[in-house]
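The following block contains the structure, expressed as structure tokens.
The values are calculated or read from the model by the stated rules, or taken from the named source; none is laboratory data. Given the structure is predicted, the values throughout are model-derived calculations rather than measurements. Note that each Cβ is placed from the backbone with ideal geometry, even for glycine, and that neighbours are counted across all protein chains shown. Remember, those area values only see protein heavy atoms, side chains included, never the ligands or the DNA or RNA. Shrake-Rupley method; radii C 1.70, N 1.55, O 1.52, S 1.80 Å.
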Amino acid sequence: MSEIDPNIGKLNSHQTKVLDCLATGATKDQAATIAGVAVRTINRWIAQDDAFKAALDELTQTAVNESAFNLAALLKKANTAIQGILDDSKAKDGDKLRAASLVYDTFIKIKEFNELDGRIKALEEAQNGGA
């Protein structure tokens, strides 16, 4: 992280250690213990230290992106599993209903997301065009 984070020069060694711990899956309590600081100190850094907050935000966004990528890799298997339940003549009606409900719910969420994404892009284009 220290090679890509422009805020790293603004962080002290305790803050860097906390971020390294959090990046490897430690809880705030664990990170505080390893870095030799109190959890209250970490919370204060989050609330009041712009460089620490920016580095933590970057770390969090990276974790979210990696999780999304991993989940996206499972979509084909999930779709195949749902289709298998719906097509299985021996599957219970309740299982088929849950699978069908999942398909509808997910479709609606994707449709809403795409509509909102389109609106946001249109607003951004309008803002950039008007500037």
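Sort out which residues of region 1-48 are of a type in the set (D, E, K, R), more than 26 Å from S67 (Cα to Cα) and modelled with pLDDT of 95 or more, and write them in order of number.
Scanning region 1-48 gives R40, R44.
Could I ask something else about it? Suppose we keep only residues that are without any contact (Cβ under 8 Å) to a residue 24 or more places away in the chain and either surrounded by 16 or more Cβ atoms within 10 Å (Cβ to Cβ) or among the basic types (K, R) (or both) within region 15-30. Which one would you say is farthest from W45 (Cα to Cα)?
Start the filter on region 15-30 by keeping residues that are without any contact (Cβ under 8 Å) to a residue 24 or more places away in the chain, which leaves 16-17, 20-21, 24-30.
Going one step further and asking which of them are either surrounded by 16 or more Cβ atoms within 10 Å (Cβ to Cβ) or among the basic types (K, R) (or both), we end up with 16-17, 20-21, 26, 28.
Details: T16: 12, K17: 13, D20: 15, C21: 15, A26: 17, K28: 12 Å.
Step by step, filter region 15-30, then rank; the result is A26.
Here is a follow-up. Scanning region 65-81 for residues that are within 15 Å of the chain's Cα centre (by Cα) and open to solvent by 80 Å² or more (accessible area, probe 1.4 Å), which turns out farthest from D20 (Cα to Cα)?
Result: L71.
Which numbered condition trips up D93, out of (1) among the acidic types (D, E); (2) within 18 Å of the chain's Cα centre (by Cα); (3) open to solvent by 60 Å² or more (accessible area, probe 1.4 Å)?
Result: D93 fails condition (2) only.
Kindly establish whether I110 is surrounded by 10 or more Cβ atoms within 10 Å (Cβ to Cβ) and at pLDDT 95 or above. Even if it seems obvious, please write down each step before you answer.
Details: surrounded by 10 or more Cβ atoms within 10 Å (Cβ to Cβ): yes; at pLDDT 95 or above: no.
Answer is no for this residue.
A55 - would you say it is surrounded by 10 or more Cβ atoms within 10 Å (Cβ to Cβ), touching a residue at least 40 places away in the same chain (Cβ under 8 Å), among the hydrophobic types (A, V, I, L, M, F, W, C) and touching a helix residue (DSSP H, G or I) at 6+ places or on another chain (Cβ under 7 Å)? If you could, list the steps in order and put the result at the bottom.
Working: surrounded by 10 or more Cβ atoms within 10 Å (Cβ to Cβ): yes; touching a residue at least 40 places away in the same chain (Cβ under 8 Å): yes; among the hydrophobic types (A, V, I, L, M, F, W, C): yes; touching a helix residue (DSSP H, G or I) at 6+ places or on another chain (Cβ under 7 Å): yes.
For A55, the condition - surrounded by 10 or more Cβ atoms within 10 Å (Cβ to Cβ), touching a residue at least 40 places away in the same chain (Cβ under 8 Å), among the hydrophobic types (A, V, I, L, M, F, W, C) and touching a helix residue (DSSP H, G or I) at 6+ places or on another chain (Cβ under 7 Å) - is met.
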